Amino acid sequence: MNTTLKIGLVSISDRASRGVYRDAGLPALQEWFARALSSPWQSITRLIPDEQQLIETMLKELADQEGCHLILTTGGTGPAPRDVTPEATLAVAHKVLPGFGEQMRAVSLRYVPTAILSRQVGVVRGQCLILNLPGQPKAIKETLDGIFSAVPYCIDLIGGPYIETHAEIITAFRPKSAQRPAP
Amino acid sequence: MNTTLKIGLVSISDRASRGVYRDAGLPALQEWFARALSSPWQSITRLIPDEQQLIETMLKELADQEGCHLILTTGGTGPAPRDVTPEATLAVAHKVLPGFGEQMRAVSLRYVPTAILSRQVGVVRGQCLILNLPGQPKAIKETLDGIFSAVPYCIDLIGGPYIETHAEIITAFRPKSAQRPAP
Amino acid sequence: MNTTLKIGLVSISDRASRGVYRDAGLPALQEWFARALSSPWQSITRLIPDEQQLIETMLKELADQEGCHLILTTGGTGPAPRDVTPEATLAVAHKVLPGFGEQMRAVSLRYVPTAILSRQVGVVRGQCLILNLPGQPKAIKETLDGIFSAVPYCIDLIGGPYIETHAEIITAFRPKSAQRPAP
């Protein structure tokens with residue numbers, strides 16, 4: 001029996017959180033997961049300004065109190081002074097997985113040379129994987145398409161539920177020893 | 001009206017700074033920028049030995065007192081005990097941009113397998129972007145050709161002047177919303 | 001006259017160290033070096049559990065007391081709670097060489113998308129280069145095939161013996177100024 005995957009979706013933007021414009025990150029994330037996952041999941045969404053202390057508190061709450069197995073942030077990863085999402089994520093990390101940052105930038109570099117400026121990181125906190133995604137809906141989709149294949153096995157390894165996907169959208173890659181027979 | 005871009009060029013080498021051989025890094029950097037930039041710029045050059053404390057002091061002086069928007073170092077990024085440029089750069093950093101190190105190595109790996117040994121980093125200090133380049137003129141040119149497209153937009157984001165380039169040498173890539181009409 | 005290269009080979013696995021299954025990492029490493037190196041070398045092997053303090057002690061002993069010029073670890077680099085090899089390696093590092101981690105993951109990504117989950121690092125401690133390799137024999141071979149070209153020159157730069165290889169297996173890449181004439 002599968003446990004339901006709990007996903008925290010956190011949009012980080014001064015302007016969207018003040019209502020200056022409509023947040024586009026959370027709907028893009030919701031849409032991607034609705035298309036990609038075939039096993040049960042639910043999401044918890046948050047929209048907050050670019051304040052490091054607030055982001056840290058939110059990530060800890062979602063991982064530790066809400067029991068999220070996966071948290072995706074969107075926004076706040078550039079070089080500007082107000083971009084502090086990676087700092088907040090590293091501050092709550094138990095383990096850093098540098099391959100996520102590297103590969104998310106490598107994927108985005110196929111589309112824009114300025115992907116080099118993104119400071120996205122991937123970390124583990126307890127039984128939760130936290131990934132920083134870009135802010136733009138198009139870039140969110142490109143990034144998830146490029147790296148999500150490795151996420152289900154990562155969630156297995158840190159003790160979360162067994163994630164299954166719609167293979168025509170994305171494949172969940174696992175070594176043979178970690179695969180369960182199709183139901 | 002454009003503000004003039006101030007570029008700090010710092011060659012780091014025990015032997016060149018003692019006059020044992022002629023520094024080739026600073027002329028290579030000057031030549032690259034003379035060919036690439038079409039907007040106004042000026043440079044300040046320094047030639048110093050591989051002493052971490054001295055490098056840190058120099059980077060802070062160029063960023064904080066001289067008001068450089070961009071600093072390029074050349075030399076001192078290898079694995080040898082006297083190579084301390086990355087340590088000095090990280091010590092004065094406010095934000096680390098890991099994409100620069102990754103992409104500079106990826107570019108150099110197209111030419112030599114030992115590019116893997118380079119520990120180059122890119123960081124922001126205040127309103128200044130600091131990049132570690134290799135020591136050899138050929139590798140300096142290859143690296144700047146490979147990553148400079150993302151630099152003008154980065155300088156925009158940290159509050160510096162709007163950089164324009166000669167498109168036949170290098171393109172300054174910006175998202176549409178950040179582009180200014182050609183004069 | 002060549003000094004003999006001393007290689008420390010450390011397999012890190014709770015189960016293999018308790019005898020639950022037979023370690024396959026050390027034989028894979030031994031076999032790779034036996035095929036690749038043409039200059040004199042000797043190895044020291046260790047099989048230990050995933051205990052960070054123990055791994056740190058072992059790495060320091062091999063580098064400082066045993067005088068190893070190169071240490072390869074195998075195992076313990078994933079995201080699971082017991083995977084602590086990178087933490088132990090970073091804790092004893094004098095210099096981190098991020099290019100090794102990046103390139104080892106890039107090489108493995110050609111074979112499996114979950115290579116993104118590996119947290120392998122390469123560091124220098126004194127006159128010793130320490131590299132974290134994957135746990136599986138197949139992945140060990142793929143990784144060494146993909147990055148070893150840069151290792152001999154790195155060992156030169158940190159003061160170790162001049163390594164020569166069988167060119168049909170792997171090429172030792174050095175800049176011309178660092179090459180010795182064939183004997």
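Residue order for C:Ser11, A:Ser38, C:Ser118, fewest other beta carbons within 10 angstrom first, comes to A:Ser38, C:Ser11, C:Ser118.
Over all residues in A:99-108, what is the mean tally of Cβ atoms on other chains that come within 10 Å of each residue's Cβ?
Numbers: counts 15, 3, 4, 11, 7, 2, 6, 9, 0, 1.
The shielding value for this peptide is 6.
Please report the equivalent ellipsoid semi-axes of the protein assembly as shown, computed as sqrt(5 x eigenvalue) of the Cα gyration tensor, largest first, in whole Å. Before the final figure, lay out each step's value.
Working: eigenvalues 252, 252, 70 Å².
Whole-Å semi-axes of the equivalent ellipsoid: 35, 35, 19.
Please name which of C:Ile155, C:Leu90, C:Val112 has its Cα lying farthest along the dipole of chain C towards the positive end, using unit charges on Cβ (Lys, Arg +1; Asp, Glu -1) and the Cα centre as origin. Ranked along the dipole, the leading option is C:Val112.
Across the copies of the chain, C:Pro81 has label points (7 Å from Cα along Cα→Cβ) spaced 4.2, 4.2 nm apart, shortest distance listed first. From the square roots a ≥ b ≥ c of the eigenvalues of the alpha-carbon gyration tensor of chain B, which class results: rounded (a/c under 1.5), prolate (a/b over b/c), or oblate? The shape class here is prolate.
Can you compute the charge dipole magnitude of the protein assembly as shown about its Cα centre, using +1 on each Lys and Arg Cβ and -1 on each Asp and Glu Cβ, nothing else charged? Give it in debye, rounded to the nearest 20. The partial results should precede the final answer.
Details: 54 positive and 51 negative charges, 150 e Å.
Here the protein assembly as shown has a charge dipole of around 720 debye.
Compared with the dominant Cα axis of chain B, that is its longest principal axis, helix B:137-147 is turned about 40°. Among B:Thr3, A:Thr77, B:Thr45, B:Thr114, the order by Cβ neighbours within 10 angstrom, fewest to most, reads B:Thr3, B:Thr45, B:Thr114, A:Thr77. Label points for B:Gly19 are taken 7 Å from Cα along Cα→Cβ. From this copy to the others they lie 7.1, 7.1 nm apart, shortest first.
Relative to the longest principal axis of the Cα atoms of chain C, helix C:25-36 runs at roughly 10 degrees.
All other residues with a Cβ under 14 Å from the Cβ of A:Leu62 taken together, and with Lys, Arg as +1 and Asp, Glu as -1, what is their net charge? Walk me through the numbers before you get to the answer.
Values: positive: A:Lys6, A:Arg46, A:Lys60, A:Arg125; negative: A:Glu56, A:Glu61, A:Asp64, A:Glu66.
Neighbour charge sum, excluding A:Leu62 itself: 0.
Ranked by how many other Cβ atoms sit within 10 Å of their own Cβ, fewest first, the residues A:His69, B:His94 fall in the order B:His94, A:His69.
Would you work out if the range C:90-183 is rounded, prolate or oblate? Take a ≥ b ≥ c from the square roots of the eigenvalues of the alpha-carbon gyration tensor; rounded if a/c is under 1.5, else prolate when a/b is larger than b/c, oblate otherwise. Don't skip to the end; give the middle numbers.
Values: a/c = 2.45, a/b = 1.36, b/c = 1.80.
In terms of gyration-tensor shape, oblate.
For the rotational copy pair A/C, the chain A residue whose Cβ lies nearest the symmetry axis, together with its distance in Å, is A:Glu102, 3.
Springs join every pair of Cα atoms under 10 Å in this Gaussian network model of chain C, and among C:Gln65, C:Gln53, C:Gln120 the largest mean-square fluctuation is at C:Gln65. If R0 equals 56 Å, the separation of the Cβ atoms of A:Ser177 and B:Ala182 corresponds to a calculated FRET efficiency of about 0.45.
For the range A:27-85, a/c is not less than 1.5, where a ≥ b ≥ c are the root eigenvalues of the C-alpha gyration tensor, and a/b does not top b/c. That puts it in the oblate class.
Of the residues C:Ile155, C:Ile55, C:Ile169, the one that moves most in a GNM of chain C with alpha-carbon contacts below 10 Å is C:Ile169.
Let me spell out the model: positive unit charges on the Cβ of Lys and Arg, negative unit charges on the Cβ of Asp and Glu, origin at the Cα centre of the range A:134-183. What dipole size does that give, in debye rounded to 20?
Numbers: 5 positive and 5 negative charges, 18 e Å.
With Lys and Arg at +1 and Asp and Glu at -1, about 80 debye.
Indicate, rounded to the nearest 5 percent, the antiparallel portion of the DSSP beta bridges found entirely in chain C. So the antiparallel bridges in chain C amount to around 30 percent.
Shown here for the range C:50-124: trypsin sites (Lys or Arg not before Pro) in loop regions (DSSP other than H, G, I, E, B) with at most 12 other Cβ atoms within 10 Å, namely C:Arg110.
Calculate for the protein assembly as shown the 222 nm mean residue ellipticity that helices alone would give, adding -39,500 (n - 2.57) per DSSP H run of length 4 or more and normalising by residue count, nearest 500 deg cm²/dmol. Intermediate values should be presented prior to the final figure.
Numbers: 21 runs with 186 residues, N = 549.
Estimated from H runs of four or more residues: -9500 deg cm²/dmol.
Principal-axis analysis of the Cα atoms of chain A puts helix A:98-109 at an angle of about 70° to the longest axis. Take A:Gln30 and A:Asp14, extend 7 Å from each Cα along the Cα→Cβ direction, and tell me the distance between the two endpoints in nm. Each label point is offset 7 Å from its Cα along the Cβ direction, giving 2.7 nm. Placing unit charges on the Cβ atoms of the charged side chains and taking the dipole of the range B:5-178 about its Cα centre, the candidate lying farthest along the positive direction among B:Thr74, B:Val10, B:Thr143 is B:Thr143.
Bear in mind these aren't lab numbers, they're just calculated from the coordinates by the rules spelled out. It should be emphasised that the depicted structure is a prediction, and the values quoted were computed from it without experimental measurement. Positions of Cβ are backbone-derived with ideal geometry, glycine not excepted, and every protein chain shown enters the neighbour counts.
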